[in-house]
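The values are calculated or read from the model by the stated rules, or taken from the named source; none is laboratory data. Just so you know, these numbers come straight off a predicted model, no measurement behind them. Glycine also receives a Cβ, built like all others from the backbone with ideal geometry; neighbour counts cover every protein chain displayed. For the accessible areas, the whole protein counts, side chains as well, though only heavy atoms, and no ligand, DNA or RNA atoms are used. Shrake-Rupley method; radii C 1.70, N 1.55, O 1.52, S 1.80 Å.
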Amino acid sequence: MSDQYKGYRNPARAVLKENGVSVWSSVEMNTSRGVFKGLILPRSETADNKHIMLKLHNGYNIGIAVSTIQEIRELGRKEAHYKIPEKEFPVDPKKPDVKLLGTGGTIASRLDYRTGAVIPAFSPGELYGSVPELADLCNLDTEKLYGVFSENMGPEQWIGTAEAIGREIRKGIHGIVIGHGTDTMHHTAAVLSFMVQNSPIPIVMVGSQRSSDRPSSDAALNLIHAVKTAAESDISEIMVCMFGPTSDQYGLLHRGTRVRKMHSSYRSTFRTIGDIPIAMVNREKITPLRTDYKHRRLDQEVVINTSFNEKVTIVYYYPNMQPDIIESLADNGYRGIVIAGTGLGHVNKPLYPALKKACDNGIAVYMTVQTLWGYVQMYVYETGREIMGLGVVPCANMLPEVAYVKLGWALGQTDDPEKVKEIMLTPIAGEITEREPYNGYLIYQGGIPEVEQFLRMIKR
Amino acid sequence: MTFSFKAFEAMTDKDYKNLGLKVGLEIHQQLLTKKKLFCRCPAGVYSEVHDAEILRHMRPTLSELGEYDGTALMEFKTRKNIIYQINHETVCTYEMDDTPPFEIDQEALDNTLIVAMLLNYKVVSEIHIARKQYLDGSIPAGFQRTTIVGVDGWIPYQDKKIGLIQLGLEEDACREVSDVEHLRIFRTDRLGMPLIEMVTQPDMHTPEEVADVANILRCAVRSTGKVRTGIGAARQDVNVSITGGTRIEIKGVSRIPLLPRLIYNEARRQHALLYIKDRLKQKGITSETFRARSADVSNLLVRTSWEPLQQAIQRGDEIHCVNLKGFSGVLNQTTQTDKVFSKEISDRARVIACLTRLPNIITSESLEETIDSYTWQKIRKALNSGNEDALVLVWGNPEDVRTGINEIMTRAKEATIGIPSETRQALEDGTNGFERILPGPDRMYPDTDLPPLEIQEKRLRRLGKHVPEPVWVRIEKYRKLGIPENLLVTVASSPRAFLFEELIKKFNIPPHRIVNYLFEQYTAWKRQNLPLDKMSEKDWYLFFRASEQQPVILENGASIIKNFLSGDRTLYSILKTYLPPETEIKNEEKNLYMSIKDLTEDELPHFSDNTKKHKYLMGILMKPFRGKIPGKTISETLWNSINGVNNE
């Protein structure tokens, strides 16, 4: 498709051609609904082929159905150029060096009002222009590793990111920030917690729930919090840094193995499950909420282990699940199955033979809970005991997605079921905790008078 | 050279022509819909209590030029904390920008298309939703979703046409609760309600014309029955300029009668600012030669007896003085009715520096008693101020006062250019105040959360049936029908005009009598809180049909209808008591017998039993006889006939 008719397909494209006009032509159109004047803009690929898009002089875009067009006259041309002037990120030798690795997601952007394009801002100069506060915190360098929507992140990107982290630590960087789409940020945070161990510095994952072109976006504040953490905190763990409440009050630093995206769109979607977050962060300070975190060190001795076996899956149990699901997994060569079971870790009886067969054939089958909170406890009911008897291993309070990446990582290192079990059940970065405190599960219902009263008192 | 401007009442059309006055109108009108525009919350529900509060800040987005847009920068400079009060009944997670938009409300779109067709707009084939950025906090997302439905409409006015540039459909913003220092609080109930925006060409040249056109547009949209009425349902903004001046937008005119005085005051203000510019130029002061400096004079005011400064000192505020070279006589220049130029400076200090406690400045030209002349002298000396210079005192906490000094100097320098580009707010006394720096040309970009939406011909055809005849056409028609002059606009702009026209077509009753019931009495009953919803169109038909036959009904109509509205009986049963029982029913019953005879003699489909036959024939008979003869009577008469046939 030539750029001249960018995005336009027939019949719209043919109409443009016939009338001798193209994208960026300033035109007057005679149509059966009247006369319209504006600038022809490129057409989005997902929009239909029956309309031509015009930008009016007042800035609004409209579509004109080609079936109504009688004549188009060109009045001139107004080409758009997306060149963004660069500013230099100021360097201060007294400030710590922080590296921002980009994998996707738009943590900052600029607007081209003429065309309406939202252009990602990613280089240090662009970020400085967009979020100048970063220069008060550190010297920032950026590197774009990938540019994918986070649902497209996978082992290849995880491994690449872990290796990049290793390289930066060995170069002596003071802190690392990873820009990432929010959909699978917790998956990546978990797998990096296994692939990158013993880090001497903070590694902070960050994203934005609302696109960064909006004035109300959480992007800038999340970025400021994340960079501050990387530059100043002494928490040397893999963390996710996102909004605490939906108000602009503070961010939370969540341990990478216990954090999960819990709402499709809320700013405050990320929550630590079954425990409390590591710390609160705002523009002024970082406030640890606990003392049992790994502290910053001055050496560069990080352990990078990027093994991963892709033949691992999560199975979300539901009533009336049939054994053929398990059988087809086995038939397709899967070596690891994480089950998200109901209640304390249960599935129905019809699945037992298939599960036994899988375990007997050396497939690693592990049990987690759909309820997300709480421990797998398969001794309580006969069901659980029977399932364990088949060879299924309970994963304590590991989250299903975390168990999935850990199993992939474990199976990347060994085939031996006993060794896999040892890896799975030995906590590395808090993916299994010894105890669940009372305030690890706080889901209050709306509508209850005392809860509503409480909400009226605080800002959410 | 003395400066004079006539009083409001003394201005003539010629005066405005000499000034080169050009005015454009922007009217925002709430649509009457069940739901909001981009979510499913109920529209039109207002709440005074809130269940929770949310805190946000607004950050400007860099434009392609690598600069922040003027307004955006200004709002950012003010560093406001913005609190949104939310009530579970009126907002959902969409309003707080925590959930993406739902599909556009189809009822709102239909209503907008009807208005578009009424006002001669050219309707677009595909609507594209755009985001228009606002950083004052009035919208939690920081932008408003807005779209254009039609362009290039018009209405007739006197002997010309007033052009309507565009018809927009957009979301309404929050209601401001308070704005003090660095905290602004908004209520979110109104947020997200559908609004249409009609923008005229600057084709009006006197304040009266503007009010007239505003009234015509108001009546026209109301005549569709698709817009909300009541306080706050419509807001007007005006764009005013005079020759040599700048287009200034005045926002938030709550009532049309306020328009003329507001326009007058703005014309006056612009004229005054141009005069000030010339005067400064004569003194050799331009934007290049403008000079100002400031100094901390807190220690000189320690013993002042003027209360506001005393309190400032107690609070620990710093007091600074700005010296404006050559500005003597300027600060006191009248700009609007009862307002002088220094008010412009004070407004900036209030809005941008957040010095909201008034008075926030005093000047060496203030006519009121403030600080004594001896102290002024000391201050003059401290600033090395000359006879041709003017002084401005400002006070506050160290950060705000620095912003304040900056704004004072900025505004003073702008006086050498003439009229700065600003958005002004309409005030109840007919003057206007500074609201914000005029935004850059395009703060708008496409909203990629929603796809473009096609407007098909068949939709326009379907809606076309609901487009009323334009108000101006109706007014002429009704005048010829003898409707009293004082009711013409009311009737023409009412959604009940449809019904009115049907009734005068159908019934042989003088139109002004129908108008009396349908409008004058109607309003009276509304005030008495009678349940007017009970009076359906069918009931009006029934009433006037009965009145046609029995004049006494028309005479007693008020009590009949009131009786019906406040009681339990059907209208029919009340009307019956006025009808001579024999005559009407006898006539109708005769008609009924004839109809039944005709029917049973006609070719009828075969029925397996009489119940089915009865049901079929009832369906046919009810149409002409409903409302004239009780259904029960028709049914019985029919049964008799059917059984009679069988018995033959």
TODO: Using only the alpha carbon atoms of the stretch B:469-577, find the Kirkwood hydrodynamic radius as the inverse mean reciprocal pair distance, in angstroms to one decimal.
DONE: 14.3
- [ ] Distance between Cα centroids, the stretch B:134-200 to the stretch A:381-444: provide it in whole Å.
- [x] 55
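What FRET efficiency do you get for B:THR611 and B:LYS34 if R0 is 60 Å and r is their Cβ-Cβ distance, rounded to the nearest 0.05?
For B:THR611 and B:LYS34, the calculated efficiency is 0.90.
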- [ ] Using only the alpha-carbon atoms of the stretch B:291-415, report the extent along each of the three principal axes, biggest first, to the nearest angstrom.
- [x] 34, 30, 27
TODO: Can you send over the carbon and sulfur percentage of the accessible area for chain A, probe radius 1.4 Å, protein chains only?
DONE: 51
TODO: Work out from phi, with θ = phi - 60° and the Karplus expression 6.51 cos²θ - 1.76 cosθ + 1.60, the ³J(HN,Hα) of each residue of the stretch A:65-79, listed in order in whole Hz, and give x for Gly and Pro.
DONE: 5, 5, 5, 9, 7, 9, 7, 10, 10, 8, 9, x, 9, 9, 6
- [ ] Would you tally the net charge around B:GLY245, using a Cβ to Cβ cut-off of less than 14 Å, leaving B:GLY245 out, and scoring K and R as +1, D and E as -1?
- [x] +1
TODO: Using only alpha carbon pairs under 8 Å that are at least six residues apart, calculate the relative contact order of the stretch B:469-577 and give it in whole percent.
DONE: 21
Open item on the list: For the stretch B:9-65, report the % of Cα-Cα distances exceeding 18 Å.
Closed with: 73
Open item on the list: Let me confirm one metric for peptide B:47-55, namely the mean number of other chain beta-carbon atoms within 10 Å of its residues' beta-carbons.
Closed with: 5
TODO: List, in order, the whole-Hz ³J(HN,Hα) value for each residue of the stretch A:177-187 obtained from phi through the Karplus relation with A = 6.51, B = -1.76, C = 1.60 and θ = phi - 60°; use x for Gly and Pro.
DONE: 10, 10, x, 8, x, 7, 4, 10, 4, 6, 5
Open item on the list: Need the per-residue list for the stretch A:59-74: every residue with at least 20 Å² less accessible surface in the complex of protein chains than in the chain by itself, probe 1.4 Å, sorted by number.
Closed with: A:GLY59, A:TYR60, A:ASN61, A:ILE62, A:GLY63
Open item on the list: How high is the relative contact order of chain B? Use alpha-carbon pairs under 8 Å, at least six apart in sequence, and give a whole percent.
Closed with: 14
- [ ] Please list, in chain and number order, the residues 5+ apart from A:ALA396 or on another chain whose amide H is under 5 Å from its amide H, with Hs placed from the backbone.
- [x] A:VAL376
Task: Threshold 50 Å² - residues in the stretch B:148-178 whose accessible area is reduced by that much or more when the chain is no longer isolated, probe 1.4 Å - done: B:ILE148
Open item on the list: Testing the spin-label approximation: label points 7 Å from Cα along Cα→Cβ at B:THR99 and A:ARG9. State their distance in nm.
Closed with: 3.3
- [ ] Could you check how much of the accessible area of the stretch B:321-382 is carbon and sulfur, as a whole percent, using a 1.4 Å probe?
- [x] 49
Task: Theoretical FRET efficiency, 1/(1+(r/R0)^6), r = Cβ-Cβ of B:ARG255 and A:ARG456, R0 51 Å, to 0.05 - done: 0.90
TODO: Determine the distance separating the Cα centre of the stretch B:271-290 from the Cα centre of the stretch B:475-551; give it in Å without decimals.
DONE: 62
Open item on the list: Among A:LEU372, B:LEU355, B:SER305, whose Cα projects farthest towards the positive end of the dipole of the protein assembly as shown, with charges put on the beta-carbon of Lys, Arg (+1) and Asp, Glu (-1)?
Closed with: B:SER305
TODO: Return the sequence-ordered ³J(HN,Hα) values of the stretch A:232-245 in whole Hz as given by the Karplus equation 6.51 cos²θ - 1.76 cosθ + 1.60 applied to θ = phi - 60°, using x for Gly and Pro.
DONE: 10, 7, 10, 9, 9, 10, 7, 10, 10, 10, 9, 4, x, x
Task: Share antiparallel - DSSP beta bridges, chain A, percent rounded to 5 - done: 55
Task: Descending Cα extents along the principal axes, the stretch B:106-230, whole Å - done: 51, 36, 25
TODO: With a 1.4 Å probe on protein heavy atoms only, work out how much accessible surface B and A bury together, total over both chains, in Å² to the nearest 100.
DONE: 5000
TODO: Within the stretch B:387-493, report the GluC sites (Glu not before Pro) that DSSP leaves as loop and that have at most 14 other Cβ atoms within 10 Å.
DONE: B:GLU388, B:GLU428
Open item on the list: Tell me the per residue accessible area of chain B using a 1.4 Å probe; a whole number in Å² is fine.
Closed with: 45
Open item on the list: Based on the alpha-carbon set only, what is the convex hull volume of the stretch B:582-642 divided per residue, in Å³?
Closed with: 73
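For chain B, what does -39500 (n - 2.57) per DSSP helix run (n ≥ 4), summed and divided by total residues, give at 222 nm, in deg cm²/dmol to the nearest 500?
Numbers: 22 runs with 251 residues, N = 648.
Per the formula, -12000 deg cm²/dmol.
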Task: Tensor-based shape of the protein assembly as shown (alpha-carbon gyration tensor, a/c under 1.5 rounded, otherwise prolate or oblate) - done: oblate
TODO: First check a/c for the stretch A:208-323, with a ≥ b ≥ c the square roots of the eigenvalues of its C-alpha gyration tensor; if it is under 1.5, answer rounded, and if not, answer prolate when a/b is larger than b/c or oblate otherwise.
DONE: oblate
Task: Under 5 Å, built H, 5+ apart or other chain: amide partners of A:ILE178 - done: A:LEU101, A:VAL204, A:MET205, A:VAL206
Open item on the list: In the stretch A:17-42, what residues drop by 50 Å² or more of accessible area when the other protein chains are put back, versus the chain on its own? Use 1.4 Å, and skip ligands and nucleic acids.
Closed with: A:ARG33, A:PHE36
Task: Within the accessible area of the stretch B:582-642 (1.4 Å probe), percent carbon and sulfur - done: 53
Task: Cβ neighbours within 10 Å from other chains - mean over B:443-456 - done: 5
Open item on the list: How far apart, in nanometres, would the label points at A:GLU418 and B:GLU368 be if each is projected 7 angstrom from Cα along the Cα-to-Cβ direction?
Closed with: 9.1
TODO: Let me know the charge dipole size of the protein assembly as shown about its Cα centre in debye, to the nearest 20, where only the beta-carbon of Lys, Arg (+1) and Asp, Glu (-1) is charged.
DONE: 1920
Task: Helix-only [θ]222 nm of chain A, DSSP H runs n ≥ 4, -39500 (n - 2.57) each, per residue, nearest 500 - done: -7500 deg cm²/dmol
TODO: For A:LYS349, B:LYS613, write out the residues from largest to smallest accessible area, computed with a 1.4 angstrom probe and no ligands counted.
DONE: A:LYS349, B:LYS613
Open item on the list: Normalised radius of gyration for the stretch B:8-280, please: alpha carbon Rg relative to 2.2 N^0.38 Å, two decimal places.
Closed with: 1.07
Open item on the list: Give me the net charge for the shell around B:GLN30: Cβ to Cβ below 12 angstrom, other residues only, Lys and Arg +1, Asp and Glu -1.
Closed with: +2
TODO: Return the long-range amide H neighbours of B:PHE327 (sequence gap of 5 or more, or a different chain), with a cut-off of under 5 Å between placed amide H atoms.
DONE: B:ALA390
Task: Average Cα contact separation per residue, chain A, under 8 Å, 6 or more apart, as relative contact order % - done: 10
Open item on the list: Among B:316-323, A:245-252, B:375-382, how do they line up by average Cβ neighbours within 10 Å per residue, starting with the highest?
Closed with: A:245-252, B:316-323, B:375-382
Task: Other protein chain Cβ atoms within 10 Å, averaged over every residue that makes up B:119-125 - done: 6
Open item on the list: If R₀ is 60 angstrom, what is the calculated FRET efficiency for the pair A:GLN322 and B:ASN529, using the beta carbon separation as r and rounding to 0.05?
Closed with: 0.40
Task: Added length on full extension, which subtracts the Cα-Cα distance from 0.36 nm per residue, B:ARG315 to B:ASN397 - done: 28.6 nm
